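**Student:** This is the structure, below, for whatever I ask next.
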Amino acid sequence: MEKADSYLSVKNLSKLFGKFLALDDVSIDISAGEFVCFLGPSGCGKTTLLRCIAGLEVQSFGTIIQNSEIISGLPTSQRDFGIVFQSYALFPNLSCFQNISYGLENLGWDKKDITKRVEELLLLVGLSDHSAKYPSQLSGGEQQRIALARAIAASPNLLLLDEPLSALDAKVRVHLRQELKSFHRRLGLTTIMVTHDQEEALSIADRIFVMDRGKIMQFGTPEDIYANSSNPFVANFIGMTNFIEGKVLNEKVIKIDDKQIDFIGHGFAKGTKVLVAARPECIQLSKKITKNIFNGKVADVEFLGSFLRIYLETSIMPNQRLIVDKPMVGDFDKSISVGDVVGFKMLPTHLNVYECDE
Ligand SMILES: Nc1ncnc2c1ncn2[C@@H]1O[C@H](COP(=O)(O)OP(=O)(O)OP(=O)(O)O)[C@@H](O)[C@H]1O
Ligand SMILES: [Mg+2]
C-alpha cells in the first residue's frame, strides 16, 4: 500500500536497457506539494527514473501511481506533468511568447486565454519585457526561466526538472535556485528535481533521495541524511567525511590505533572492524598534545572565507589526509601553520559508524 498522503508512488520500479539494469527495484513516495531531489553521481539512473515518471521511458517492471491513478501504462500525452530538461531545449526559431504558448495552442486553448496566461507566466518569471525576444537573445538563466514558464503553462500538478541549472555559471545558478525555491513556496507545486550537485540538493529540497547504481541508497530531509548518513556511500557523497578504521571494543567504545573513543552506542558486536565517519566540522583541534588524544601534522591550510580547512597527516588515516574545518574565531586559528603538530578530538555525538565490508 502506498502511504495515504502519497501523491506520487513509484513501486518496485526496474528498468533494463538490454542487459544493463539502470533502475533496480526503486520504490518512493512523494507527498503533494513536496520539493524532492534525486541526487547521485553521473550514470546512477536519475534521468531514467524521471523519464519513467513522465512516460518518456517505459519501465521493465513496477508501477507508478499519481493522484491515486495507475499511470505507468499511460502514454506521455495522458500524464499530468510539466518538464524542464538539462539543455535549454527552447525552440530557437520561436519568440519567448511563442515558446510558452506553443503547448497551449496544441491543447486547443482560445487565443485570448493564451495571451492572458503567457503574460501571467512572463510576469511570474520576471521576464515580461522579453516577450518578443528569441532564445539566442537571452542569457542562460533567462532561457531556463522561459523553459520553466513553458513547463508550467498548462498548470500541471507535477513539475519535473532534470538538472535545470547545470549549464549556468556558479553565481546565476545559486541565484536561480533561490528563485526556484521561492517559486515553489508560492505555487506549492509538487516538484522533483534531478541534480548531481549535493549543495544544490541540500539547499533546496524538502527531502532528498540519494541514488547509486540504480538504487535508492537513502532518503530523508537534508539535515537527516547529512547528520545520520546510513551508509558510507551517502556519508561520502553528501558533504565531506573522514573515514577512520577502528575495531569495536564494546557497545560504547571503539579502538582506533592505540587509543579509545567513546560512542553513544553503535550496535556492533565486539571485535567488528568498523569505519568511523567524522565530518570535518566535528573535529576539535588543540595545541596541547596529551597521551589520550590523537595528533597529526598540519600538511596544508586553506582559507575559505568564513572558515579554515586544515589538512592533517595522522597515523590513524595512513592513506589520506584528515580534513578539519574551523570557523576563524580565536587566535589559535590565525596562528596555525603548515608543519605544526596539533592534537585533535572527535565529538562522539557527531560520529557515524559503519561495518567494514571486506
Ligand atoms: N537509452 C539508453 N540505452 C542504453 N543505456 C542507457 C540509455 N539511457 C540511459 N542508459 C544508461 O543507464 C544509466 C543511467 O542513465 P541516466 O541517464 O539515468 O543517468 P543519470 O543519473 O541521469 O546521469 P547524469 O548525471 O550523467 O545525467 C547509464 O549508465 C546510462 O548509460
Ligand atoms: Mg541525467
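**Student:** Give me the pairs: first residue in region 183-210 and in contact (Cβ under 8 Å) with a residue 60 or more places away in the chain and over 20 Å from Ser6 (Cα atoms), second residue within 16 Å of ligand 1 (Cβ to nearest atom) and of a type in the set (S, T, N, Q), beta-carbon distance under 7 Å, and six or more apart or on different chains, which are they?
**Tutor:** Qualifying pairs under 7 Å: His196/Ser42; Ala201/Thr195.
**Student:** Considering only residues that are of a type in the set (S, T, N, Q) and within 16 Å of ligand 2 (Cβ to nearest atom), look in region 15-67 and name the one that is farthest from Ser155 (Cα to Cα). Even if it seems obvious, please write down each step before you answer.
**Tutor:** Pass one, region 15-67, residues of a type in the set (S, T, N, Q): 27, 31, 42, 47-48, 59-60, 63, 66-67.
If we keep only those that are within 16 Å of ligand 2 (Cβ to nearest atom) as well, we get 42, 47-48.
On the way: Ser42: 31, Thr47: 23, Thr48: 24 Å.
The qualifying residue farthest from Ser155 (Cα to Cα) is Ser42.
**Student:** Do you know which residues across region 129-168 are under 22 Å from Glu199 (Cβ atoms) and of a type in the set (Asp, Glu)?
**Tutor:** Hits for region 129-168 are Asp162, Glu163.
**Student:** I would also like to ask the following. Kindly establish whether Pro156 is in the same structural domain as Leu107 (by TED's automatic domain parsing), within 16 Å of ligand 2 (Cβ to nearest atom) and closer than 29 Å to Gln78 by Cα.
**Tutor:** So Pro156 does not fit the description; no.
**Student:** Against the condition touching a residue at least 12 places away in the same chain (Cβ under 8 Å), part of a strand (DSSP E or B) and surrounded by 15 or more Cβ atoms within 10 Å (Cβ to Cβ), how does Val274 come out, does it pass?
**Tutor:** Answer is yes for this residue.
**Student:** I'm trying to understand the selection: among the residues of region 147-182, which are on the phi > 0 side of the Ramachandran plot and free of Cβ contacts under 8 Å to residues at least 24 places away in the same chain? Outline the logic, then answer.
**Tutor:** So the first thing to find is which residues in region 147-182 are on the phi > 0 side of the Ramachandran plot, and the list is 155, 163.
Scanning region 147-182 gives a single hit, Ser155.
**Student:** Out of the residues in region 149-170 that are in contact with a helix residue (DSSP H, G or I) (Cβ under 9 Å, 6 or more places away or on another chain) and at pLDDT below 90, which is farthest from Asp29 (Cα to Cα)?
**Tutor:** My answer is Asp169.
**Student:** Does Gln137 fit the bill of being under 30 Å from Ser9 (Cβ atoms) and surrounded by fewer than 16 Cβ atoms within 10 Å (Cβ to Cβ)?
**Tutor:** Taking the combined requirement at face value, the residue does not satisfy it.
**Student:** Here's a follow-up. Kindly indicate which of Ser77, Ser60 is in contact with a Gly (Cβ under 9 Å, 6 or more places away or on another chain) and among the polar types (S, T, N, Q).
**Tutor:** Being in contact with a Gly (Cβ under 9 Å, 6 or more places away or on another chain) and among the polar types (S, T, N, Q) holds for just one of Ser77, Ser60, which is Ser77.
**Student:** Here's another thing I want to ask about it. Output the number of residues of region 260-304 satisfying the condition of being charged (D, E, K, R), modelled with pLDDT under 90 and over 21 Å from Asn228 (Cβ atoms).
**Tutor:** Looking only at that region, the number is 3.
**Student:** Something else: What number of residues within region 281-309 are farther than 19 Å from Val341 by Cβ and surrounded by 14 or more Cβ atoms within 10 Å (Cβ to Cβ)?
**Tutor:** So the count comes out to 3.
**Student:** Across region 91-146, what is the number of residues that are of a type in the set (Phe, Trp, Tyr), outside any helix (DSSP H, G or I) and touching a residue at least 24 places away in the same chain (Cβ under 8 Å)? Steps first, answer last, please.
**Tutor:** From region 91-146, those of a type in the set (Phe, Trp, Tyr) are 91, 97, 102, 109, 134; that's our starting set.
From the residues that got through so far, the ones that are outside any helix (DSSP H, G or I) too are 91, 109, 134.
Okay, now just the ones that are also touching a residue at least 24 places away in the same chain (Cβ under 8 Å), so 91, 134.
Looking only at that region, the number is 2.
**Student:** I would also like to ask the following. Being under 21 Å from Val194 (Cβ atoms) and away from ligand 2 (no atom under 16 Å from the Cβ) is the filter; apply it to region 68-102 and report the residue that is surrounded by the fewest Cβ atoms within 10 Å (Cβ to Cβ). Steps first, answer last, please.
**Tutor:** Within region 68-102, the first condition is being under 21 Å from Val194 (Cβ atoms), and the residues that meet it are 71-72, 76, 79-90.
If we keep only those that are away from ligand 2 (no atom under 16 Å from the Cβ) as well, we get 71-72, 76, 79-82, 90.
Working: Ile71: 19, Ser72: 19, Thr76: 12, Arg79: 18, Asp80: 14, Phe81: 21, Gly82: 23, Leu90: 22.
That would be Thr76.
**Student:** Within region 34-42, does at least one residue satisfy the condition of being of a type in the set (D, E, K, R), under 24 Å from Ala205 (Cα atoms), within 16 Å of ligand 1 (Cβ to nearest atom) and in contact (Cβ under 8 Å) with a residue 24 or more places away in the chain?
**Tutor:** The answer is no, given that none of the residues of region 34-42 is of a type in the set (D, E, K, R), under 24 Å from Ala205 (Cα atoms), within 16 Å of ligand 1 (Cβ to nearest atom) and in contact (Cβ under 8 Å) with a residue 24 or more places away in the chain.
**Student:** Could you check region 4-41 and list, in sequence order, the residues that are farther than 15 Å from Met217 by Cα and part of a loop (DSSP other than H, G, I, E, B)?
**Tutor:** Listed by number, the residues that qualify are Ala4, Asp5, Gly18, Lys19, Ala32, Gly33, Glu34.
The values are calculated or read from the model by the stated rules, or taken from the named source; none is laboratory data. On a predicted model such as this, the values are computed, not experimentally measured, just so you know. For neighbour counting, all protein chains shown are included, and Cβ atoms are generated from backbone atoms with ideal geometry for every residue, glycine included.
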